[in-house]
Amino acid sequence: MQQYLDNYDFAGKKAIVRVDFNVPLNDKFEITDDTRIRRAMPTLKKILEKGGSVIIMSHLGRPKGVDDKFSLRHIVDRVSELLGVSVAFAPDCQKADDAAAALVPGQALLLENLRFYAEEEGKPRGLKEDASDEEKKAAKAAVKASQKEFVKKLASYADCYVNDAFGTAHRAHASTALIAEYFPNDKMFGYLMEGEIKAIDNVLKNAQRPLTAIIGGSKVSSKLAVLKNLVGKVDNLIIGGGMGYTFIKAQGGQIGKSLHEDELIPDALAILAEAKEKGVNVSLSVKTIGGQAFENDTPQRIFDTHAIDPEWEGMDAAPESIENWKKIILASKTILWNGPVGVFELPNFAKGTLAIAEALAEATEKGAYTLVGGGDSVAAVTQMGYADKVSYVSTGGGAMLEAIEGKVLPGIAAIQD
Ligand code: AMP
């Protein structure tokens, strides 16, 4: 049975907490952005305040085995600083029995990178490139078999399990999903996970209408499942950014050298047809800011999005498109935004994306619920200084994307089951 952090009695208990401390490090192993560590602090602090102790576990990067470059010892001082207690470090997550047993209420222990073991992800390592299917199958079976022991060991350190790692919730890994079965009555989400789940539900389950999704970014192929799921749920679907040109081409438009995927034209047409059948208003860009080359200082020209000169490519939404989209946004009660509507990394082509961020902030101020999630739109909204002017900014790129594709995330299901 699922428990809740606020009600659970942590007094004298040891909590094993899966967090996402996969922070960027520079070549001196200094943390360049500690947002992920900060976002887990409310959960960790709450457990300590309530008289528990915490065993913190995470992955860092994509090590292929034990590799100091990916050691969590590089971040232990920062975790101590932010948590306000001196955090002990266990240099092997499978040999932390004594360190875990020694914890008293109010203390914290950080386990070394879980991915130093192949068992965390349950994928075999070191397979020869020419391995036969038989060999691959045997290696997979071996790692799956030892995964049980790996999970059991982690579970043995604690009395309860808390998952606060939304960034890896879409993976059925040992520490994000499998471990939960050892705590049938003592498993719960951390505050960050609770917040992310509520944000998703606010959009996909309990949305106030009109509900609008703004989907941008580079390719239709990477957002096809998102579009297919949303077209059955939203009132308005704004499609912008590089992926918009495949839709424009599908409608017979001339898109010049703009990014597009010919092989996805049938899918684009199917989405437009489904939208029509369901009465969903699809809004594509009507005017585009074109560039002659994919560079910041390239000359700019405004085109009808359906009639871009053959030598030019669409790189941002022009003011007329933005005006249309702004009207839709400001008339909505719930708005989901995923993906920039232009090449926002180039400052001269960032105006459209900035205007969307501004419109979302205005809608939020007027009482709409606004969720920004999934990869680059989060970077855009943060970089542009609008992160605290929208209702919620998701911390999980891939996880949020899979959630809005309508998939059940294993890390969430393991707690709710
Ligand atoms: P995604 O990761 O799919 O959300 O895509 C984000 C990327 O889409 C960013 O790097 C943007 O530069 C890119 N993008 C947005 N609009 C365009 C465009 N018109 N042409 C090329 N790339 C674009």
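The values are calculated or read from the model by the stated rules, or taken from the named source; none is laboratory data. Just so we're clear, the structure is a prediction, and the values are computed from it rather than from any experiment. A quick note on method: Cβ atoms are made from the backbone with ideal geometry, for glycine too, and the neighbour counts reach across all protein chains shown.
Overview of results
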read-out	value
Segment 336-348 residues that are of a type in the set (V, I, T), paired with ones that are more than 7 Å from the ligand (Cβ to nearest atom) and assigned to a helix (DSSP H, G or I) (beta carbon under 6 Å, 6 or more apart)	V341/G352; V341/T353; V341/I356; V343/F349
Failed condition for A355, given (1) more than 16 Å from the ligand (Cβ to nearest atom); (2) in a helix (DSSP H, G or I); (3) of a type outside the set (V, I, T); (4) surrounded by fewer than 24 Cβ atoms within 10 Å (Cβ to Cβ)	(1)
Output for segment 358-381, where each listed residue is within 14 Å of the ligand (Cβ to nearest atom) and out of contact with any Pro (no Cβ under 8 Å at 6 or more places or on another chain)	V372, G373, G374, G375, V378, A379, V381
Selection within segment 375-409 - assigned to a helix (DSSP H, G or I) and either surrounded by fewer than 21 Cβ atoms within 10 Å (Cβ to Cβ) or of a type in the set (S, T, N, Q) (or both)	D376, S377, V378, A379, T382, Q383, A387, D388, K389, G397, G398, E402
Count of residues meeting criterion [closer than 24 Å to S394 by Cβ and within 12 Å of the ligand (Cβ to nearest atom)] in segment 317-350	11
Close pairs (7 angstrom Cβ cut-off, 6 or more residues apart or separate chains): at pLDDT 90 or above in segment 123-143, of a type in the set (D, E, K, R) anywhere	P124/K140; R125/K64; V143/E119; V143/K123
Residue in segment 331-341 that is more than 29 Å from G252 (Cβ to Cβ) and assigned to a helix (DSSP H, G or I) present	no
Flag if A96 is under 17 Å from F21 (Cβ atoms) and either among the charged types (D, E, K, R) or touching a residue at least 40 places away in the same chain (Cβ under 8 Å) (or both)	yes
Selection count where residues are more than 11 Å from F349 (Cβ to Cβ) and within 12 Å of the ligand (Cβ to nearest atom), scope segment 304-316	3
